[in-house]
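Notes to accompany the following structure.
The values are calculated or read from the model by the stated rules, or taken from the named source; none is laboratory data. None of the values given here were measured: they were computed from a predicted structure. Here the Cβ positions follow ideal geometry from the backbone for every residue, glycine too, while neighbour counts run over all protein chains shown. Only protein heavy atoms, including side chains, enter the accessible area calculation; ligands, DNA and RNA are left aside. Shrake-Rupley method; radii C 1.70, N 1.55, O 1.52, S 1.80 Å.
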Amino acid sequence: MAYIPIGVPTFDLEAAQIQFDDSVKVLREISEDVLVPEKPLLTLNDLKAYLGSISPDFIVLQNLTFANSAYAQMVVQHINCPVILWTLKEPVVDGTRLRLNSLTGAYSAANLFHQMGRTDFQYVIGSPKEEEVKKTLNAAYKAAEMKYKLKSLQVASIGHTPQGFGFGAALDSDLARVFGSTLHFVEARELMDKARKMKDEDATHEKNESERKMKNIQLLPEENVLSHHKLYKAYKDYIEANGIKAIASRCWPDYFVDYGTPVCGVLGLLNDNKIAAACEADIYGAVTMFIGMELSEQPVFFGDPVSLNVEENSITYWHCGTAACSLAREDLGPETGVHPNRKIGPTMEFGCKPCEEATIFRVGRKPDGSFRFFIANGEALDKPKQFYGTSVVVKTKQNAKQIVENSVQEGWEPHFAVIYKDVKQELEMLAKLLKIEICNY
């Protein structure tokens, strides 16, 4: 992050210096690595010299005082990265001198941005001491950081989507074009074969982790438990060898029919270790999870909307048993069981813990190939397991019935992530940076 405070020397420089010092303090609270000039940049020559000395991934362009559009033009011409334009409020309105005139400078800069096709900038107005300003600056930084992380994201599709689940399929060119991410493909049978050929002792570390995290896994048939450990090892080896941060894994019917043990528990452990692991080979679901994990700095829940409670204004999200162990309710913990339909384990079996501020999120692909973000806020309720598998009940801020009706009518995919944090503002800013449609529910 680079702080670029622009202005001219004909305004109140004493007032400007106070704002400069307070702004630096706020930005250093957001990132210790922020680049800061020695003094306000009050001439084009000063600005040019500073721009030549930095190479940032995110810019805070602040009108410390008024500055004409030549300043903004110089910034755009020298550096191409996400920008937030920051307007300062006038420190005093007393019928005398206009101290800063920051707002007029912001209009000049924003007009220049639009004329040059840079409409993806963020905006905030207020003093450095206002909490809302700090929150917006931090959200903009996180959104820019997320865009940067997506550029280096390695996503793996392990097997292909089952018939009728084509919503999760993706083109490597689409991921590269929109998100900057790289898509890898590997057949599920390759990892199954590697797991089959392993000796029991090859997966000792995975055995220890599974027994430590997955409650009651030892009660399941030994053959399935050993197969689970080896499959977990095969997945981890592939992920580590290829620098993978998100996977979309084939699950049914192959792992039940061909391998004899589900992959559900493996995906749950990977999610617990903050490798975004979506089932049913949902590639955009995996990207959805990765974004949610990075913004919240913890695992997210991934599942289907399966039940609506109109009286409670809640929606239940559920899946067969791939949730991260750390999302389990404290009373029963991350219990382990068998798949509700196939009756083979191990799968995760628990209701998820509550959270006062949660975000429901989905990266959606429209029929024309463009993308959109589904964003809704709510509260993850303190509820026990709703059905066999793993589940979380979210009381939404908006009308839950209308959310369901509208999202079905508008053709959204049936997989969503429940993020254990309010990251609505960050997601909206990220969507703007990626030129993706925002759909608030």
Is it the case, given these coordinates, that E206 is in a helix (DSSP H, G or I) and surrounded by 12 or more Cβ atoms within 10 Å (Cβ to Cβ)? yes
Quick check on this structure: which one of A67, A110 is over 15 Å from F11 (Cα atoms) and modelled with pLDDT of 95 or more? A110
Checked pairs for region 29-41, first under 20 Å from E130 (Cα atoms), second of a type in the set (K, R) and open to solvent by 100 Å² or more (accessible area, probe 1.4 Å), C-beta under 6 Å and 6 or more apart or across chains, list as V34/R28
Per-region count, region 337-351, residues in contact with a helix residue (DSSP H, G or I) (Cβ under 7 Å, 6 or more places away or on another chain) and either open to solvent by 20 Å² or more (accessible area, probe 1.4 Å) or modelled with pLDDT under 95 (or both): 4
Of all residues in region 1-21 being over 23 Å from P82 (Cβ atoms) and part of a helix (DSSP H, G or I), which is nearest to the chain's Cα centre (by Cα)? D21
Counting only residues in region 23-58 that are of a type in the set (D, E) and surrounded by 14 or more Cβ atoms within 10 Å (Cβ to Cβ), the one nearest to T136 (Cα to Cα) is identified as D57
A156 versus (1) assigned to a helix (DSSP H, G or I); (2) open to solvent by less than 40 Å² (accessible area, probe 1.4 Å): which is the lone unmet condition? (1)
Single match in A281, A276, A241, A286 (criterion: free of Cβ contacts under 8 Å to residues at least 40 places away in the same chain and in contact with a Gly (Cβ under 9 Å, 6 or more places away or on another chain)): A276
Please pick out the residue among L100, L85, L61 that is open to solvent by less than 10 Å² (accessible area, probe 1.4 Å), under 21 Å from F11 (Cα atoms), of a type in the set (A, V, I, L, M, F, W, C) and in contact with a Lys or Arg (Cβ under 9 Å, 6 or more places away or on another chain). L100
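Mind listing whichever residues of region 254-278 are assigned to a helix (DSSP H, G or I) and either open to solvent by less than 10 Å² (accessible area, probe 1.4 Å) or in contact with a strand residue (DSSP E or B) (Cβ under 8 Å, 6 or more places away or on another chain) (or both)?
Y255, C264, G265, V266, L267, G268, L269, L270, N271
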Any chance you could count how many residues in region 113-153 are assigned to a helix (DSSP H, G or I) and either surrounded by fewer than 19 Cβ atoms within 10 Å (Cβ to Cβ) or modelled with pLDDT under 95 (or both)? 10
Evaluate region 369-377: report whether one residue or more is in a loop (DSSP other than H, G, I, E, B), modelled with pLDDT under 95, over 18 Å from D272 (Cα atoms) and out of contact with any Phe, Trp or Tyr (no Cβ under 8 Å at 6 or more places or on another chain). yes
If you scan region 234-253, which residues turn out to be surrounded by fewer than 18 Cβ atoms within 10 Å (Cβ to Cβ) and either acidic (D, E) or closer than 19 Å to K199 by Cβ (or both)? D237, E240
In region 159-188, residue surrounded by the most Cβ atoms within 10 Å (Cβ to Cβ) [restricted to those that are of a type in the set (G, A, S) and in contact with a Gly (Cβ under 9 Å, 6 or more places away or on another chain)]: G168
L191 being assigned to a helix (DSSP H, G or I), under 28 Å from Y420 (Cβ atoms) and open to solvent by less than 80 Å² (accessible area, probe 1.4 Å): no
Considering N101, N111, which residue is touching a helix residue (DSSP H, G or I) at 6+ places or on another chain (Cβ under 9 Å), touching a residue at least 24 places away in the same chain (Cβ under 8 Å) and among the polar types (S, T, N, Q)? N111
Looking at the structure I just gave you, is Q402 modelled with pLDDT of 95 or more, of a type outside the set (S, T, Y), over 20 Å from G285 (Cβ atoms) and out of contact with any Gly (no Cβ under 7 Å at 6 or more places or on another chain)? yes
Among (1) of a type outside the set (S, T, N, Q); (2) within 20 Å of F301 (Cβ to Cβ); (3) open to solvent by 10 Å² or more (accessible area, probe 1.4 Å), which single condition is A400 missing? (3)
